[in-house]
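Worksheet for the structure shown next.
The values are calculated or read from the model by the stated rules, or taken from the named source; none is laboratory data. Since the structure is predicted, the reported quantities are computational estimates derived from the model, not experimental observations. We place every Cβ from the backbone using ideal geometry, glycine too, and count neighbours over all the protein chains shown. Heads up: the accessible areas ignore ligands, DNA and RNA and are worked out on the full protein's heavy atoms, side chains in. Shrake-Rupley method; radii C 1.70, N 1.55, O 1.52, S 1.80 Å.
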Amino acid sequence: MTPTPKVEEAIAARDSLAAALCRAGIQLPAMDIRTAWADDHKDEARYALVSLGVCSAPVALMLADVIRRGTAG
């Protein structure tokens with residue numbers, strides 16, 4: 001199946017976020033894309049979401065620290 005523009009947008013967002021997190025030393029291995037399909041069950045997604053998945057407490061603390069440092073500047 002060819003990705004729709006909404007799915008392509010979500011994939012680009014996921015990849016951009018993953019790259020930024022990687023530069024900060026953080027990896028969220030369960031990141032994925034989720035879609036909500038049209039009511040008539042066609043193959044085109046109305047929208048797509050970036051799912052961050054789950055992470056360990058130490059990774060969550062690292063993520064919080066990176067966000068705090070970024071908002072402080």
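Pairs, please: C-beta under 6 Å, at least 6 apart or cross-chain, first residue farther than 10 Å from Val50 by Cα and in segment 8-27, second open to solvent by less than 60 Å² (accessible area, probe 1.4 Å) and basic (Lys, Arg)?
none
Across segment 1-37, what is the total count of residues that are more than 29 Å from Arg69 (Cα to Cα), surrounded by 15 or more Cβ atoms within 10 Å (Cβ to Cβ) and hydrophobic (A, V, I, L, M, F, W, C)?
Total meeting the criteria: 1.
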